[in-house]
Amino acid sequence: DTGVSQNPRHKITKRGQNVTFRCDPISEHNRLYWYRQTLGQGPEFLTYFQNEAQLEKSRLLSDRFSAERPKGSFSTLEIQRTEQGDSAMYLCASSPLAGPYNEQFFGPGTRLTVL
Amino acid sequence: SQQGEEDPQALSIQEGENATMNCSYKTSINNLQWYRQNSGRGLVHLILIRSNEREKHSGRLRVTLDTSKKSSSLLITASRAADTASYFCACGNQGGKLIFGQGTELSVKP
């Protein structure tokens, strides 16, 4: 299967711990996006990369959040000192071309629960 | 913050009926896209309409866009139980990021 994959699928952690999620995009896609979705809401944009460059970060991405895409392939999203408000589904998506007229291919998401 | 507002928030219909979902947005867009999400899963792209287009069809889907009213609608004809899901509109702008609405939860009863 060559779709977008995310690991882990589920993560339960205690408040104050650090967590890291991984996203593997479709191999030829040079754009990669992170979104966060809480129950009953639509996804909210967090950040995106074109190749290894992080081009935009949402104000939602506090300084406890950091994302990387070191070689322009997979990406990681780290949350430091987790808070209960960080509990959400974290979605990764990729798209093949630069520009606005492209569909995004989403992974299954990582569901984070902060106790 | 989210750009799109969807109406209704929930819709329940019988199999075979048509389902219409509406989306309103606030600022200018390059395109508007519709996605489907089955419970607890990732999103699946359904259809994209560019800002200079007014209507688009794909199978049982029909999307309209009225940029003067900043609104779009998604029509699913001859619905099936398998269409049960949440449907989201998403506004596309420069850079390609998507700004999603809150979604419409569609339930199609067999």
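Just so you know, all these numbers are worked out from the coordinates, no wet-lab data involved. Not measured: the values here are computed from a predicted model. Please note: Cβ atoms are built from the backbone with ideal geometry, for glycine as well, and neighbour counts cover all protein chains shown.
Of all residues in the range B:26-57 being exposed (fewer than 14 other Cβ atoms within 10 Å of the Cβ) and farther than 21 Å from B:Gln102 by Cβ, which is nearest to the other protein chains (Cβ to nearest Cβ)?
Filtering the range B:26-57 for residues that are exposed (fewer than 14 other Cβ atoms within 10 Å of the Cβ) and farther than 21 Å from B:Gln102 by Cβ, the one nearest to the other protein chains (Cβ to nearest Cβ) comes out as B:Asn52.
Taking the options A:Arg81, A:Arg111, name whichever one is on the phi > 0 side of the Ramachandran plot and not in a helix (DSSP H, G or I). Before you say what the answer is, go through the steps one by one.
On the way: A:Arg111 fails: on the phi > 0 side of the Ramachandran plot.
Testing whether each residue is on the phi > 0 side of the Ramachandran plot and not in a helix (DSSP H, G or I) leaves just A:Arg81.
With part of a strand (DSSP E or B), within 14 Å of chain B (Cβ to nearest Cβ) and touching a residue at least 40 places away in the same chain (Cβ under 8 Å) as the only criterion, which of A:Arg36, A:Arg22 stands out? It would help to see each step written out before you state the result.
On the way: A:Arg22 fails: within 14 Å of chain B (Cβ to nearest Cβ).
Of A:Arg36, A:Arg22, the one residue that is part of a strand (DSSP E or B), within 14 Å of chain B (Cβ to nearest Cβ) and touching a residue at least 40 places away in the same chain (Cβ under 8 Å) is A:Arg36.
Return a yes/no flag: does the range A:68-86 have any residue that is touching a Ser or Thr at 6+ places or on another chain (Cβ under 7 Å) and within 14 Å of chain B (Cβ to nearest Cβ).
no
Quick test of your reading of the structure: A:Ser58 fulfils all but one of (1) under 21 Å from B:Leu98 (Cα atoms); (2) more than 11 Å from chain B (Cβ to nearest Cβ). Name the failing condition by number.
Against the list (1) under 21 Å from B:Leu98 (Cα atoms); (2) more than 11 Å from chain B (Cβ to nearest Cβ), A:Ser58 comes up short only on (2).
Take B:Leu74 and tell me if it is hydrophobic (A, V, I, L, M, F, W, C), within 25 Å of B:Lys97 (Cβ to Cβ) and either surrounded by 16 or more Cβ atoms within 10 Å (Cβ to Cβ) or in contact with a Leu (Cβ under 6 Å, 6 or more places away or on another chain) (or both).
Yes; evaluated as a whole, the condition is true for this residue.
Please go through the range A:89-104 and give me each residue that is more than 7 Å from chain B (Cβ to nearest Cβ) and either under 14 Å from B:Gln37 (Cβ atoms) or among the acidic types (Asp, Glu) (or both), ordered by number.
Scanning the range A:89-104 gives A:Met89, A:Ala93.
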